[in-house]
Amino acid sequence: MLKVIAPGKLILSGEHAVVYGYPALAAAVDRYVHLIVKKNRSGLLVEPFQARGVVKSAIQKVHFSLKEKPNYNYSIKVHSTIPIGCGMGSSAAFAVALSASILKYSNKPWNAGLVNDLAYEIEKKYHGQPSGVDNTISTKGGYLWYRRESEKVKLFHQIEVRKKLGNLYIINSGKPKESTGEMVRLVRRLYEKRQLYVKNVFSEMEKVSRGFLRYLLGEKSNEIAGLIKENQKLLERLGVVSFSTKKLVKEIEKIGGAAKVSGAGGVKRSSGILLVFHRDYGKLSEFAQRHSLDVEKVVLGRRGLKVEKIN
Ligand code: MEV
């Protein structure tokens, strides 16, 4: 029997821009997808049953990518502490954990790079044209400087952090109506109409990503709150933040904090998880209570995919 754990992620800066070859800085977080997997002779058994469809199509994709005949003889228990569909990489973490499980049971040699590639194929099935940052950070863990040069060339570097990020929390602005794929297509349409404008936003975004990088490397103590605010402004200019989320972010700023959408965002209703920085937890938690929101501490830079044999 296998126990497979893969973390979710938060993007510090570079979301959307990363789809177009600009860098992104992502971190694995302390929220996870857990799978318990064993061989099962009588076909596919999934717990909870509602996850069966997703699990089945992901297994099919993995076998197909491995050029094997699909084999569904598994019993799989799925448990997740990552909010689903809110920009924290829940689908990528699931894709990584599932790919790792199927590869372990196949007769192919174990290779974490191959797991990442298989997970990317599953991600494409859900999201159309993802950058691959979500599955890569979930596989590798830590902090990643990531750049997609082309479909076949994706460069990344794991950052050895000198200066830790603290006072970080998550507040859920609500599950977006749109999927990641829809949000990526929305930005694509804007890019096709107003290329200069969007390229300018992406270049500014790259400056923010570099600011975070310098902070983590201990080279320059850029103010984290300032970087978060700047990233959020750029995402608003891209049109991926809903009206209610913009309002919420402004209110967090008014009480001395900073907040940003992390991931694809959403416009019709809400924009998913907000990464929030505040020096005074008491103030933030009182604010959250007043607005009937949950505020949770989040730790960045956690380890990536872990596969254990258990009995
Ligand atoms: C990923 O969480 C968010 C986007 O940058 C899409 C991608 O990188 O695939 C919007």
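Do we have residue 304 as surrounded by 15 or more Cβ atoms within 10 Å (Cβ to Cβ), at pLDDT 95 or above and either charged (D, E, K, R) or touching a Pro at 6+ places or on another chain (Cβ under 7 Å) (or both) here?
Details: surrounded by 15 or more Cβ atoms within 10 Å (Cβ to Cβ): yes; at pLDDT 95 or above: yes; either charged (D, E, K, R) or touching a Pro at 6+ places or on another chain (Cβ under 7 Å) (or both): yes.
So residue 304 passes the test.
Can you go through 3, 77, 9 and tell me which one is assigned to a strand (DSSP E or B), at pLDDT 95 or above and within 16 Å of the ligand (Cβ to nearest atom)? Even if it seems obvious, please write down each step before you answer.
Working: 3 fails: within 16 Å of the ligand (Cβ to nearest atom); 77 fails: within 16 Å of the ligand (Cβ to nearest atom).
One residue alone meets the criteria, 9.
On the basis of being in contact (Cβ under 8 Å) with a residue 12 or more places away in the chain, acidic (Asp, Glu), more than 16 Å from the ligand (Cβ to nearest atom) and surrounded by fewer than 20 Cβ atoms within 10 Å (Cβ to Cβ), does residue 121 make the cut?
On the way: in contact (Cβ under 8 Å) with a residue 12 or more places away in the chain: yes; acidic (Asp, Glu): yes; more than 16 Å from the ligand (Cβ to nearest atom): no; surrounded by fewer than 20 Cβ atoms within 10 Å (Cβ to Cβ): yes.
Criteria not met by residue 121.
Would you check if there is a residue in segment 219-241 being of a type outside the set (A, V, I, L, M, F, W, C), over 24 Å from residue 176 (Cβ atoms) and within 16 Å of the ligand (Cβ to nearest atom)? So that I can check it myself, show each step before the final result.
Quick first cut of segment 219-241, residues of a type outside the set (A, V, I, L, M, F, W, C) only: 219-223, 226, 229-233, 236-237, 239.
Remaining after also requiring over 24 Å from residue 176 (Cβ atoms): 219-223, 226.
Pick out the ones that are also within 16 Å of the ligand (Cβ to nearest atom) and you get none.
Within segment 219-241 (the criterion being of a type outside the set (A, V, I, L, M, F, W, C), over 24 Å from residue 176 (Cβ atoms) and within 16 Å of the ligand (Cβ to nearest atom)), the answer is no, since none of the residues qualifies.
Return only the number of the condition from (1) surrounded by fewer than 17 Cβ atoms within 10 Å (Cβ to Cβ); (2) away from the ligand (no atom under 14 Å from the Cβ); (3) within 19 Å of residue 274 (Cα to Cα) that residue 84 does not satisfy.
The single condition residue 84 does not satisfy is (2).
For segment 174-190, which positions are outside any helix (DSSP H, G or I) and either crowded, with 16+ Cβ neighbours inside 10 Å or free of Cβ contacts under 8 Å to residues at least 12 places away in the same chain (or both)? Outline the logic, then answer.
If we filter segment 174-190 for residues that are outside any helix (DSSP H, G or I), which is where we start, we get 174-179.
Passing the criteria: 174, 175, 176, 178, 179.
Take residue 56 and decide whether it is modelled with pLDDT of 95 or more and part of a strand (DSSP E or B). Steps first, answer last, please.
Working: modelled with pLDDT of 95 or more: yes; part of a strand (DSSP E or B): no.
No.
Here is a list: 285, 270. Which entry is surrounded by 13 or more Cβ atoms within 10 Å (Cβ to Cβ) and either under 15 Å from residue 11 (Cα atoms) or in contact with a Pro (Cβ under 9 Å, 6 or more places away or on another chain) (or both)? Walk me through it before giving the result.
Working: 285 fails: either under 15 Å from residue 11 (Cα atoms) or in contact with a Pro (Cβ under 9 Å, 6 or more places away or on another chain) (or both).
After applying the criteria, what remains is 270.
Please enumerate the residues belonging to segment 165-210 that are among the basic types (Lys, Arg), farther than 21 Å from residue 133 by Cβ and away from the ligand (no atom under 16 Å from the Cβ).
Listed by number, the residues that qualify are 193, 194.
Could you please find all residues in segment 148-171 being crowded, with 19+ Cβ neighbours inside 10 Å, out of contact with any Lys or Arg (no Cβ under 6 Å at 6 or more places or on another chain) and more than 27 Å from residue 295 (Cα to Cα)?
The answer is 156, and nothing else.
Would you point out the residue of segment 191-217, among those that are hydroxyl-bearing (Ser, Thr, Tyr) and surrounded by 21 or more Cβ atoms within 10 Å (Cβ to Cβ), that is nearest to residue 260 (Cα to Cα)? Reasoning before the result, please.
The initial filter retains those residues of segment 191-217 that are hydroxyl-bearing (Ser, Thr, Tyr), namely 191, 197, 203, 209, 215.
Within this subset, residues satisfying the condition of being surrounded by 21 or more Cβ atoms within 10 Å (Cβ to Cβ) are 209, 215.
Values: 209: 13, 215: 18 Å.
Top of the filtered list is 209.
Could you identify the single residue in 22, 72, 32, 105 that is more than 24 Å from residue 299 (Cα to Cα), in contact with a helix residue (DSSP H, G or I) (Cβ under 8 Å, 6 or more places away or on another chain) and touching a residue at least 60 places away in the same chain (Cβ under 8 Å)? Can you show your working first?
Values: 72 fails: touching a residue at least 60 places away in the same chain (Cβ under 8 Å); 32 fails: more than 24 Å from residue 299 (Cα to Cα); 105 fails: in contact with a helix residue (DSSP H, G or I) (Cβ under 8 Å, 6 or more places away or on another chain).
Step by step, each of 22, 72, 32, 105 is checked, and only 22 is more than 24 Å from residue 299 (Cα to Cα), in contact with a helix residue (DSSP H, G or I) (Cβ under 8 Å, 6 or more places away or on another chain) and touching a residue at least 60 places away in the same chain (Cβ under 8 Å).
The values are calculated or read from the model by the stated rules, or taken from the named source; none is laboratory data. Just so we're clear, the structure is a prediction, and the values are computed from it rather than from any experiment. Reconstructed Cβ throughout: ideal geometry from the backbone, glycine too, with neighbour counts over all protein chains shown.
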